[in-house]
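Let me begin by presenting the structure, written as structure tokens, before commenting on it.
The values are calculated or read from the model by the stated rules, or taken from the named source; none is laboratory data. Note that the structure is predicted; figures quoted are calculated from it, not measured. When we count neighbours, we look across all protein chains shown, and the Cβ atoms used for this are built from the backbone with ideal geometry, even at glycine. Surface accessibility is based on the protein's heavy atoms, side chains included, excluding ligands, DNA and RNA. Shrake-Rupley method; radii C 1.70, N 1.55, O 1.52, S 1.80 Å.
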Amino acid sequence: MATTAKASEHIKPCNISQSERHNRRDADYIASLNPAMLYIRRDLAHLNEVYVAPDMEGVSLQQHYDDIRIMVKQKTGRAMQEKDVKFTDKKGKQRVRQGCSPIREGVVNIKPDTTMEDLLRYAERVHERWGIRALQIHIHKDEGHYEDTNDPASWEPNYHAHIIWDWMNHDTGKSFKLNAEDMSAIQDLVAETLDMQRGQKKSETGIDHLERNDFIIQKQENKKKQLQEEAKKAAAEKEEADAEVEAAKTEVADLWKEHDYLTSANRTKAERSNRLDLDIRTKTNRSQSLDCTIEAKKQEVGKLSAKADEKLRDFYTIKERGNWQDPMFFAMSAYIYRIDEGLQFCIKAIQDFAYSGFGGRGGKHGDIFRDNESYAIMHYMKMFAELASATLKQVADWFVWLASTLGRFNANELRRADHEVHDIADGRYDGRIQKFQQGISR
């Protein structure tokens, strides 16, 4: 059963490449999704809407990011600070000056009848109050999940919109600074403009925003716990009913013993025995009914547990590639790793990246390899591709598999490493690698 969404906007630094692929719904992005996840329905894609600011027509977010970097240099005379910087204040205390996030992305809960005009009105009010400007707005009505993957009627839609914000003051070359009160005021403005109930404040709940997959899993876990509690309660009621049945049987047996020795004057007790027989049948039926209830609850809990496990596998399992479980293949790979320091450097870089978590390594794209790491990984992939007459993608698969096997990745770490190593193989790091190579040759 669908619940009424409360107004909110969750804003964080924009992962430019991932955001554009998700919002544009490119064919290669749709093809990369696991069909079993069932969180995007292509038959509902016609309900989506897109707004692009007039000056952003034909301009990618990466191009706009590069223009902001130039603008900051012109306005301030300094290069834009893109990474966190550690410094010591006047009192000798170590502090961190956070890097600039000039482009940010907000995910806004909306109603089924929310229009692009409603969101543009909200964006204009944000611009008037804080100066922040909306570059793009993407309404998504094709996302959600199935409560039961075998029941099409169990589809739960997730109506929301992505707003890409320009967080820079183009007059001063500095980013806008919003404090906690400002961010709370943004939530008030969302609720007021979109005519929705405001979500409970984080200061009151202490609960952090949950990403989509985590929210679905938490919801299923809560349902599972509820069913388990109901099963415990039913079991306790059955135990009580069984005890009453046994007590009634004992009483009936005693009465029948009396009946054998007493005269006809004991007909009253015989009638009482009949009533107890009826009571026994009633309580026995109740006990059997509770048995059926308990069994149904157990089956429901089992189905939900299986469904939760399936969801976890669907969300976090990356497809195994090739016959790499062969012991001889692993032994040869481990031997090459042990004797080649360059390969060791590459594999440890991939493991370090996988363990780092979102935003743990900095950079304008969020999670990226360092220049010397991406250079070394590409160099060794090309070398092994030439030696084995293989493609860079095949060598990238091997690198990720070896790093995962030696490092014992979990599913999320494996997916992060697989995505970024294949970005190197696909050439998305070529520009930075060339610059780094030029710096080495000087």
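In this view, the solvent-accessible surface of residue 370, computed with a 1.4 Å probe and all protein chains in place, comes to about 110 Å².
Residue order by solvent-accessible surface for 116, 332 is 332, 116, largest first, with ligands and nucleic acids left out and a 1.4 Å probe. With a cut-off of 13 Å between beta carbons, the residues surrounding residue 26 carry a summed charge of +2, where Lys and Arg count +1 and Asp and Glu -1.
Rolling a 1.4 angstrom probe over the protein heavy atoms, how many square angstrom per residue are accessible across region 380-435? Working shown, then result.
Values: 2860 Å² over 56 residues.
About 51 Å² of surface per residue is accessible.
Once the Cα-Cα distance is subtracted from the 0.36 nm per residue extended length, the residue 292 to residue 330 segment shows a gain of 8.5 nm.
Taking every protein chain into account, the 1.4 Å probe leaves residue 196 with about 20 Å² of accessible area, to the nearest ten. Computed with a 1.4 Å probe on the full set of protein chains, the accessible area for residue 401 sits at about 30 Å².
Per residue, how much accessible surface does region 63-135 expose to a 1.4 Å probe? Answer in Å², no decimals. Spell out each step's value before the answer.
On the way: 4620 Å² over 73 residues.
Per residue, region 63-135 has 63 Å² of solvent-accessible surface.
At full extension, residue 428 and residue 412 could sit 3.6 nm farther apart than now, given 0.36 nm per residue minus the alpha carbon distance.
If I stretch the segment between residue 46 and residue 382 completely, what's the gain in nm (0.36 nm per residue apart, minus their alpha carbon distance), one decimal? Each step should come with its number before you reach the end.
Details: separation 336, 0.36 × 336 = 120.96 nm, distance 4.25 nm.
116.7 nm is the gain from fully extending residue 46 to residue 382.
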